Structures are given as C-alpha cells and as structure tokens.
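The values are calculated or read from the model by the stated rules, or taken from the named source; none is laboratory data. Here the structure is a predicted model, which is why all the values come from computation and not from measurement. Cβ coordinates were reconstructed from backbone atoms using ideal geometry, including for glycine residues, and neighbour counts include every protein chain displayed. Side chains are part of the model used for accessible areas, which takes the heavy atoms of the whole protein and leaves out ligands, DNA and RNA. Shrake-Rupley method; radii C 1.70, N 1.55, O 1.52, S 1.80 Å.
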Amino acid sequence: MKKNTYYITIILLSIMLYGCSNLSIFNESKKAIYLTGEENSILKPQELEENNVIVVNSFKELEEEFNSLSQPIPVLIDKNILNKTTKNGLNNWIPKQTSLPIIFVGYSNPTYILLKELDLYGSEHIPPNMSDKQIEALKHQKGFSLMYISTTGHNYGVGFDKENTIQGILEITDQALKGDKAVEELMPKQ
C-alpha cells in the first residue's frame with residue numbers, strides 16, 4: 001500500500017509541476033497589459049488579441065494581473081480609462097515601477113498626462129516656459145507616450161506622434177525592455 005501511495009504522490013506532483021510550467025509559458029507569451037474601458041478603447045480588440053495583450057478594465061484588475069505574472073511586462077494605459085479611482089491607484093503604483101515601460105495611449109506628449117492628468121510630479125515640474133494654454137493643447141495631441149523610471153531613479157518620458165497601433169507601441173516597449181541605455185536611445189536629441 002505504501003508503494004502505491006508513493007507512486008500516486010509522484011504522479012500528482014508531476015501533474016502539478018507540468019501545470020505550473022504551462023502557466024508560466026502562458027504568462028511569458030503575453031506581450032503587455034492594456035488598461036482600458038470596456039467601451040471607447042483606442043486600440044482595436046482584434047489587434048490586442050492577435051498580439052497576446054492582456055486587457056483589463058480597472059486598476060484593481062491591472063494590479064492583480066501584473067502581480068500574477070512570472071515576469072513584468074509593459075503596461076499600456078488608455079487615456080479614456082482615467083477616472084478618479086484609476087488615477088489614485090496609478091499615482092501610487094507608477095512611481096514604484098522601475099525598469100518598466102509604461103505607455104499612455106492617446107497622448108503623444110507625456111507632459112500633460114504626467115503633470116496634469118495624473119499629477120505624478122506636481123506643478124513644480126512643469127517647464128517654466130510653458131503656458132497653461134500650451135499645456136492644455138497637449139491634451140488633444142494624438143499618438144502615445146512612454147514613461148520609464150530607470151534603475152537609478154531617473155524619469156524618462158517621450159512622445160510619439162504616430163498612429164495608435166499595437167504593433168507601433170510594441171516596437172517601443174520591446175526597445176525599452178532592453179534597459180536603461182536602450183531607453184536613453186529613444187529620447188530626443190537635445
């Protein structure tokens with residue numbers, strides 16, 4: 001009887017380990033998490049599915065999905081999801097995400113989203129030569145922008161005045177996933 005119990009235990013452990021390894025393969029095949037509303041999503045659902053993007057509709061879902069992954073993947077945030085609850089969660093969560101590409105879909109300039117919409121850095125970081133009218137105009141620019149906090153704590157932000165396609169966005173996040181030096185290369189030359 002002990003011998004049978006031993007074999008059953010081995011078989012059950014093997015099945016469990018196989019299941020866990022398949023779960024991590026599933027996680028590793030995902031290319032990004034997209035936080036968007038159930039309606040008014042900027043990126044097309046079919047493109048998201050074809051490119052293995054996890055779609056979530058609340059900050060709570062974003063946290064749960066992100067924390068369940070075996071390795072971090074880029075986070076895409078649709079401008080249409082930004083409500084009070086989402087903003088509060090993101091304001092606390094984003095500053096803790098080093099070496100993680102975060103894309104704001106629908107804003108081709110990160111200045112507006114980071115300083116006005118989310119209020120991550122406060123008004124003291126607004127460029128002194130920008131008027132309120134200029135900052136408000138940024139709200140209406142189309143495209144997407146990247147935010148990235150380096151391992152040394154340096155904040156990078158750059159906008160892309162391109163069509164909002166998952167392929168174009170993933171090209172940028174793939175570059176950013178290579179690390180701090182690769183992100184520096186994405187920044188505009190001064």
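From N91, N129, which residue is open to solvent by 30 Å² or more (accessible area, probe 1.4 Å) and under 27 Å from L69 (Cα atoms)?
N91
Specify the residue that is farthest from V55 (Cα to Cα); the eligible residues are those in region 66-88 that are among the β-branched types (V, I, T) and surrounded by 14 or more Cβ atoms within 10 Å (Cβ to Cβ). My answer is T86.
The lone criterion from (1) at pLDDT 75 or above; (2) within 23 Å of D180 (Cα to Cα); (3) surrounded by fewer than 17 Cβ atoms within 10 Å (Cβ to Cβ) left unmet by T165 is number (2).
Residues in region 42-74 that are of a type in the set (S, T, N, Q) and either under 18 Å from K87 (Cα atoms) or out of contact with any Asp or Glu (no Cβ under 8 Å at 6 or more places or on another chain) (or both): Q46, N51, N52, N57, S58, N67, S68.
Just to check your reading of the model, which residue among I149, I113, I126 is on the phi < 0 side of the Ramachandran plot and modelled with pLDDT of 90 or more?
It is I149.
In region 151-167, the residues that are closer than 20 Å to Q141 by Cβ reach residues that are surrounded by fewer than 11 Cβ atoms within 10 Å (Cβ to Cβ) with C-beta atoms within less than 7 angstrom, at least six apart or across chains, in these pairs: V158/P188.
Filter region 25-56 down to the residues that are under 22 Å from L69 (Cα atoms), in a helix (DSSP H, G or I) and either open to solvent by less than 40 Å² (accessible area, probe 1.4 Å) or at pLDDT 60 or above (or both) and list them by number. Across region 25-56, the qualifying residues are N27, S29, P45, E47, L48, E49, E50.
Across region 70-110, what is the number of residues that are of a type in the set (K, R), under 23 Å from N40 (Cα atoms) and modelled with pLDDT of 90 or more? Residues in region 70-110 being of a type in the set (K, R), under 23 Å from N40 (Cα atoms) and modelled with pLDDT of 90 or more: 1 in total. Of all residues in region 94-110, those satisfying the criterion of being open to solvent by 30 Å² or more (accessible area, probe 1.4 Å) and assigned to a helix (DSSP H, G or I) are P95, K96.
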